[in-house]
Amino acid sequence: MRKRDNPVIVLAALTAIVFFIIALWIFFPGCNKAMGAVHVAASNQQQPDDLPDFMVISDIHLHNSLTQDKITLKESDTGHDLWDTAQKKIREVLDGKAGYNKPKFIIVLGDLPWHADAIVESELLSARENSGIVLHDLRLLAENAGVPLLYVPGNNDSWDGDYHPFSPKIFGNDPDGRNSWPVINPNNPDGTSGQASIIDDKKLNLGCYSAYPLGKKAGLRVIALNTTMFVHKYTDTANQATDATAQMDWFAKQLEDAAKQKEYVLIAMHVPPGADGHDKKKKEFWRNKLMYNGASLRISFVDLLDKYRKNIVGMLSSHTHMDGLRKIRNSKGKLICVDISVPGITPGHHNNPGFKLISYKPGNYELENFTTLYENYFPAQKVISWANDWYDFRTEFGCPKSTSILACLDTLNTETLESAVQSIYTVKNGLGSADEVNTVINIWYPKPSGHNKY
């Protein structure tokens, strides 16, 4: 029979071990990094200190019958080989095998199919088919990883072609998931399970809805808007003003309800407000003549952001295929919100393919950092397996860990800010155009006459 150890001696030994570990932790902080080496082993670079809380993907523009070498940059589409490599990288992240913990949810900001000509029936049918392929692929990525996914419509996702009115009929292109979209893994409708649940989809026919990506108790509401109906190129001009007003009414009520519930709000859309950097005349994306509550749509939108700024943690948009951000100011020039731009999977605007991981502060969901993962498609313009190439907001913009994205931007001077945005604008395919960056970096209220900068 084994002799029983003296409990006093055992307790003393355990206490000594605990104090030794604490001493190492305090007096030799380098040990912290050593203990975390497993986390960064997948990369040759040191990953950001914070871990991603959600993933954002946009502008896939799949042309599944072609490989990338058969698609010109002008066509701005994605071949099946590039989409396959992107999915592999996304899957690695979702499985926690890319040096990051698993994201808590995914947001997809639209533009699923290739740029088809709606007048040509065969192309329109092909675009619908490709939308279904992407919906199917995205759904499987989310379901296999057990991660909720929220879909936001883009201008190319319309049933009748680019910039046409949205229709939920698009979800029928993914037969096995038609009853799940626009939110995958909704679980219990009341949101008590901690899984994603839809809050209000009464205006889904317009392309907008709200949802709890983490369940109702978590207190984070995502408001998905269909901003395609706000733009100059929108085809249904006869109903544009009426539908835009209906969506804005619904949006205002969502913000009011979130404030009453003491919830935090993340706003997601495809086409952002502000100027189009690609346009030679720097025209606004949203139609200037659209009015709401006696003011232009953009001004009324910013007024709502200002009114509920204590609840709104940020905005997400895409459409340009470029990386970056837009600062949103109220009528007094105060920075009230930041719109984070999500790059495209397609490299059509001379951007490297990429997607984003965004982290927030626990408790109030304040956006703290974003990391862009990308494939080095340029300059060779060849599809390769995604390596471990990434960059993050804090490093590029020189922001301390203790500050939020919004707070950091409020401290940067114009030159520093524009330089930082230029460095990421093309997703590391060289510096972005200074003219474009200066155009898109601010959402004016309204733009002061004769001024390009604050």
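Listed values, structure above:
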read-out: Residue in the stretch 113-126 that is in contact with a strand residue (DSSP E or B) (Cβ under 7 Å, 6 or more places away or on another chain) and touching a residue at least 60 places away in the same chain (Cβ under 8 Å) present; value: no
read-out: Test for residue 311: is it at pLDDT 95 or above and in contact with a helix residue (DSSP H, G or I) (Cβ under 6 Å, 6 or more places away or on another chain); value: yes
read-out: Boolean, residue 222 is closer than 20 Å to residue 298 by Cβ and either in contact (Cβ under 8 Å) with a residue 12 or more places away in the chain or surrounded by 15 or more Cβ atoms within 10 Å (Cβ to Cβ) (or both); value: no
read-out: Answer from 209, 264 - the residue that is over 30 Å from residue 118 (Cα atoms) and among the hydroxyl-bearing types (Ser, Thr, Tyr); value: 264
read-out: Among the residues listed as 254, 247, the single one being within 23 Å of residue 406 (Cα to Cα) and at pLDDT 95 or above; value: 254
read-out: Listing of helices (runs of 4 or more DSSP H) fully contained in the stretch 15-121 that carry 2 or more residues being at pLDDT 95 or above and over 19 Å from residue 369 (Cα atoms); value: 80-94
read-out: Strands (runs of 3 or more DSSP E) wholly inside the stretch 328-420 containing at least 1 residues that are without any contact (Cβ under 8 Å) to a residue 40 or more places away in the chain; value: 335-341, 367-374, 390-392
read-out: Any chance residue 265 is of a type in the set (Val, Ile, Thr), within 19 Å of residue 164 (Cα to Cα) and touching a strand residue (DSSP E or B) at 6+ places or on another chain (Cβ under 6 Å); value: no
read-out: Candidate set from the stretch 375-401 (those that are of a type in the set (S, T, N, Q) and over 22 Å from the mean Cα position of the chain (by Cα)); member that is modelled with the highest pLDDT; value: 381
read-out: Single unsatisfied condition, residue 224 versus (1) at pLDDT below 95; (2) touching a strand residue (DSSP E or B) at 6+ places or on another chain (Cβ under 6 Å); (3) closer than 16 Å to residue 106 by Cα; value: (1)
read-out: The stretch 87-110: number of residues that are within 16 Å of residue 385 (Cα to Cα) and either out of contact with any Leu (no Cβ under 8 Å at 6 or more places or on another chain) or among the charged types (D, E, K, R) (or both); value: 5
read-out: The listed residue being within 23 Å of residue 158 (Cβ to Cβ), surrounded by 20 or more Cβ atoms within 10 Å (Cβ to Cβ) and touching a His at 6+ places or on another chain (Cβ under 9 Å), out of 274, 344; value: 344
read-out: Subset of the stretch 105-131 that is of a type in the set (Val, Ile, Thr) and surrounded by 20 or more Cβ atoms within 10 Å (Cβ to Cβ) - its residue that is farthest from residue 169 (Cα to Cα); value: 106
read-out: Residues of the stretch 347-373 satisfying the condition of being exposed (fewer than 15 other Cβ atoms within 10 Å of the Cβ) and within 18 Å of the chain's Cα centre (by Cα); value: 361
read-out: Cβ pairs under 7 Å, 6+ apart, first in the stretch 160-178 and free of Cβ contacts under 8 Å to residues at least 24 places away in the same chain and of a type in the set (Lys, Arg), second surrounded by fewer than 19 Cβ atoms within 10 Å (Cβ to Cβ) and part of a helix (DSSP H, G or I); value: 178/172
read-out: Top-ranked residue in the stretch 229-250 [being in contact with a Phe, Trp or Tyr (Cβ under 8 Å, 6 or more places away or on another chain) and among the hydrophobic types (A, V, I, L, M, F, W, C); ranked as surrounded by the most Cβ atoms within 10 Å (Cβ to Cβ)]; value: 229
read-out: Scan of the stretch 183-214 for residues that are part of a loop (DSSP other than H, G, I, E, B), farther than 17 Å from residue 261 by Cα, modelled with pLDDT of 85 or more and not hydrophobic (A, V, I, L, M, F, W, C), ordered by number; value: 201, 202, 203, 207
read-out: For residue 213: the one exception among (1) out of contact with any Phe, Trp or Tyr (no Cβ under 9 Å at 6 or more places or on another chain); (2) closer than 21 Å to residue 253 by Cα; (3) crowded, with 22+ Cβ neighbours inside 10 Å; value: (1)
read-out: Residue in the stretch 374-381 that is within 19 Å of residue 316 (Cα to Cα), surrounded by 17 or more Cβ atoms within 10 Å (Cβ to Cβ) and in the same structural domain as residue 310 (by TED's automatic domain parsing) present; value: yes
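The values are calculated or read from the model by the stated rules, or taken from the named source; none is laboratory data. All of these numbers come straight from a predicted model, not from anything done at the bench. Neighbour counts run over all protein chains shown; Cβ positions are idealised from the backbone, glycine included.
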